[in-house]
1. Along the positive direction of the dipole of region A:154-246 (beta-carbon charges: Lys, Arg +1; Asp, Glu -1; about the Cα centre), which of A:Ser226, A:Leu241, A:Leu161 reaches farthest?
2. With +1 assigned to the C-beta of every Lys and Arg and -1 to the C-beta of every Asp and Glu, and no other charges, what is the dipole magnitude of the protein assembly as shown about the Cα centre in debye, to the nearest 20?
3. Could you work out [θ]222 nm for chain B from helices alone, using -39500 (n - 2.57) per DSSP H run of at least four and dividing by all its residues? Round to the nearest 500 deg cm²/dmol.
4. What are the aspartates and glutamates whose alpha-carbon lies under 13 Å from the alpha-carbon of B:Lys216, with same-chain residues fewer than 8 places away excluded?
5. Which whole DSSP H helices in chain B pass both tests: a Cα extent of 20 Å or more along the axis and a mean Kyte-Doolittle value no lower than 1.0?
6. Kindly state, to the nearest 0.05, the FRET efficiency for A:Ile13 paired with A:Thr279, given R0 = 35 Å and r defined as their beta-carbon distance.
7. So what does the Cα-only Debye profile of region C:156-196 read at q = 0.26 Å⁻¹, as log10 I(q)/I(0), no solvent term?
8. With a point put 7 Å past each Cα toward its Cβ, work out how far A:Ala164 is from B:Leu266 in nm, to one decimal.
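No lab work stands behind these numbers, since they all come straight from the coordinates. All of these numbers come straight from a predicted model, not from anything done at the bench. With ideal geometry, Cβ positions are generated from the backbone for all residues, glycine too; neighbour counts draw on all protein chains shown.
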Amino acid sequence: MDMQFFGLLMYAISLATMFGIYGVLCLGLNLQWGFAGLFNAGIAGFFAVGAYTTAILTSPESPNYLGGFGWPPLLALPIAMLLSGLIAWPVGRICLGLKGDYLAMATIGISEIIRLILKNEDWLANGTMGISTVPRPFESLGQPRGNIAFLAFVLLVMIILYVAAERAWMSPWGRAMRAIRDNELAAAAIGKDVVRFRLEAFVIGSMVMGLGGALSAMYFKFIGSSATEPLLTTFLVWVMLIIGGSGNNRGAMLGAGLVWLIWSGTELLTNRLPAEWITRSSYLRALLIGVLLIIVLQRFANGVLPEKPPRRIDS
Amino acid sequence: MEALAEFVNLYFLPGVAVGCIYALGAVGISLIFAILRFAHFAHGDVMTLGAYLAYSLVASLGWSVYLALPVAVLGGALASVAIDRVVYQPFRRSPGIIVVIASFGVMLVLRSLIQLFWGVDVLNYETGIRKPIPLIGDFRLAQKHIIIILVSLAIAAALHWFLSRSRMGKAMRAMSDDADLARISGIDTEKVVRWTWLIGGGLAAAAGVFAGINSKLHPSVGWDLLLPLFAAAILGGIGKPYGAIVGGLAIGIAQEVATYPWISDLPLVPPAYKNAVAFFVMVCMLIWRPTGIFKGRVL
Amino acid sequence: MALLEAKGLVGGYGGMDILNGVDLAVEAREIVVIIGANGAGKSTAMNALFGLIHLRAGHVTLDGADITGAAPNALVGHGMGYVPQERNVFRTMTVRENLEMGAYLKPATQARVMEQVFTLFPVLKEKANQPAGELSGGQRQMVAVGRALMTEPKLLMLDEPTAGLSPLVMEQIFDRIVAVNKAGIGILLVEQNARQALAIAHRGYVLATGRNRFTGTAADLLANPEIGQSFLGG
C-alpha cells in the first residue's frame, strides 16, 4: 500500500475513533444536562474511573499496581460503567435535592479527589507513570484492519447509545425528566419524584462517561494521571455539547465531531507556528476553545441542532 | 510544652495563614453569589492572574512582592470588571447555571492566557529561606505567615467597614437581600455589580499572591484552591461574606491540623490529600446543613 | 395636567398579556384606588407603571414627561415611590438601613426625611436598629412605606399594603396613608379590602380581565349596586 495513503487512512481512522469516543461522552452529558438540566463539572472524574477500571482489569499482571487481571476487554466495559455509576450515586443522592450550583461544586470536588487518589496511590494505578499495557480489542488483526475494526466497534457503541437515548427522550421517562428540568415545582406538584428522576439521569449519564473512559483507555492502550486533567474531558465535552445543541442527541454527536475536527485541525495549524510557539500551541488551542464556548453561549445558546420543541397534540 | 509548640508552630499557625488565603478567596465567591446568584468557577484563575501580575513586577522591576501586592489587587479587580462586562453581562437574565458554564469558558481562557504569557514553569517570588520570628517562648511564626495574617486581618476590617458603613456597601447588602426591591429603591444595580467584581476580583488577586508567597507559583495555583474555596463558602453559608471568612479559616486550619500525626507516627491525613479534608467538610455540610453554619441561602 | 397618566397599557409576563389596554390617572394630591378580582391585572398594572415588566403598547407620563419603559431606579429619581405587595423590606438589614436605602438617590435630605418618617411611624424609631425581618407584619409594612417615602416622592404607589393584616392594623395603615396624602403626596393604591380603601379614596378604578370596567369617584363606586355585588363583597 502507498505509504502516504496509508498515513492518511490511519489519520482518518484516528479522527473517526476519537469522534466516536467523544460522541459517547457527549451523549452521556446530554443525559444529564440536556435531559435533566444537571450541571456535571467533574466529567474527568467519571471518565477516569472508567478508564482506570478497564486498564486494571484488562492489562497483564504487573508488580507495579493492582492487577492487572488480564480480563478480556469486553468484560471490563460493564464493570467500568458500574463503578462510575457507583461513585455517581452518592454524589447525586447528596446534591440532587439541592439546586444546580451545589452539584457543580460537588462534582468538581469528587473529580479532584479521584485525581488525587490516582496520582498518589502508586500501588493502585502506578501513580503518575500510569498503565501502558492496556490491550485494544481486534489488535491481532494488524494495521489497518484492527484499527478499522475497533473504530467500527466504537461507532457501534455510540449508535446503540444514540438509539437508546432517543427512545428514552420520547418515553414517558424522558418527558417527565424534561418537565422536571423546565419546571421543577410543577412537576413535583403532579406527583413526580424529582430527586429520583434526577438521580437516575445523573447515574446513567455518569456510567456512559465511564464507558467513554473505558473506550479511550483501550484506544490509547495507555492511561495516566494526566488523563484526569479536566481540559480534554470536562471542558472539551461541555463545549461539544453546547455547540452541537444540548437536549438533542444528534446535536451532541454533531458537536463531538465538529469540535474534535476544530481541535485536531488547529493542531495541524499550530504545528506550522514558529518554533518558540509550538511548545505553547496547546495553550493557544485551549484559549480558542474557551473563547468559542463563551461566544456560542452568548450568541447561539441553542447550538447547531437545537432541542426539538415538543409536538403539539392538535397538529 | 515542646510538643504543643511544635503543633502550634508547624500545623496550627500555618493553618491560620492558609485559612486567611481561603477566606480572601471565599469572600469573593460568596459576594458574587449573593449579588449575581451564580457560583463563579473562574475565581481560582482570577487568583492565579493576580499572583502572576505580582510576579511580573517582582521579576521585571525587582520590586518586593509585598510592594507588588496592591498593584496585583488593582489588576485583579479591573480584570474582573472587564470580564464581567465582556462575558457575564449578556447573561444577567439567564438562569444561573448558564452563567456557571460561561465561567467555565472564562476559566479556560484565563488559564491558557497565563500559560501563554508566563509559561508553565514553577516560579518563586523570592529564593532562600527566612528564619521564623519568635513570638512567646517556643512559639514561632514564619515571616510570610505574619504578613499574610496581618494583611488579611486589615482587609477583613476594611471589608467590614465597607459593608456596614458605606453607602455602596449597604446597597450591596440590599441587593443581596432582594435585587428587585433594590431597584425599586433607586439603587443602580449595575453599579453594585461592578463594585462586587472590583472587591471580589481584588480579594482573589490578594489571595493568589499570598498563595504564591506561601508555597510556589504555577498556572494551576488558583484552580487547585477552588475546592477548598467552595467548601469554605458553603461552610459559612453561601452568600454570606462573614461566613466565608470563618469558613475559610476553619477549612485552612482543618486541612493543616489534619496532617498532624494524631494517632501514629504518620500524618493522620497524608499532606497530598489536604484537599480531601475540604471535600469531606463540603459533603458533610451538604448532607446536614446546606445553609451553612450561619444560615446562608439554599440555592 | 394629571400627575400620572397611563393610556392603553398592554403587557404581561412571558408571552402572555395580562393587561389588555388599561387607562389610569392620578391627579396631584389625590388618593386613587384600583380594585378588582384576583387576576384582573391590578398588581401587573402597578408593575407595568414602575417599569418592572415590558409594555407591548401604551405609554405613561409623569408630570407631563414621558416615562414609558424607564428603568425603576430612574423612576425613583423622577419622584415615584413604590411599595410592592410582597418582599417589600430588606429583611437582613435594620430598619434604619432600610430607610437609608430608600434615600439612596438623595443622601443629602436623608436625615431630615427620616425624622419625618419617624414622626409618621413612631414605632420605627424604637425599632430603628432591629433587622426588618424580625418585625411584625404591620411594622414591616410601615418600614416599606417609610422606605418609599425617603425619596420624597410626588406619587406613592402601594400594592395591597393591608394584605394579611388584622383589621386594627389595617385601620392604622389606612390612617397613615391619609396622613401621607395630606402632606401633599399623590397615592395610587391597589386593594383587596375595597370598601375600606374606597372610604379613604377620592377616585377609583375597577379592573376586570385586564381592562377598565368602571371608573368614578369613590362615592359613586360605593353607591353602584353592580360593583357592590361583584367587587365589594355584597
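1. A:Leu161
2. In total the dipole reaches around 540 debye.
3. Values: 12 runs with 202 residues, N = 299.
Helix contribution divided over all residues of chain B: -22500 deg cm²/dmol.
4. Answer for B:Lys216, where 13 Å is the Cα cut-off: B:Asp121, B:Glu126, B:Asp224, listed by chain and number.
5. Numbers: long enough: B:13-36 (34 Å, 2.21); B:43-61 (27 Å, 0.97); B:65-83 (26 Å, 2.16); B:96-118 (32 Å, 2.09); B:143-165 (33 Å, 1.35); B:189-214 (37 Å, 0.78); B:241-257 (24 Å, 1.15); B:274-288 (22 Å, 1.87).
Passing helices, by number: B:13-36, B:65-83, B:96-118, B:143-165, B:241-257, B:274-288.
6. Numbers: r = 28 Å, r/R0 = 0.80.
For R0 = 35 Å, the calculated efficiency reads 0.80.
7. Listed by q, the Debye log ratios stand at -0.94.
8. About 3.9 nm, to one decimal.
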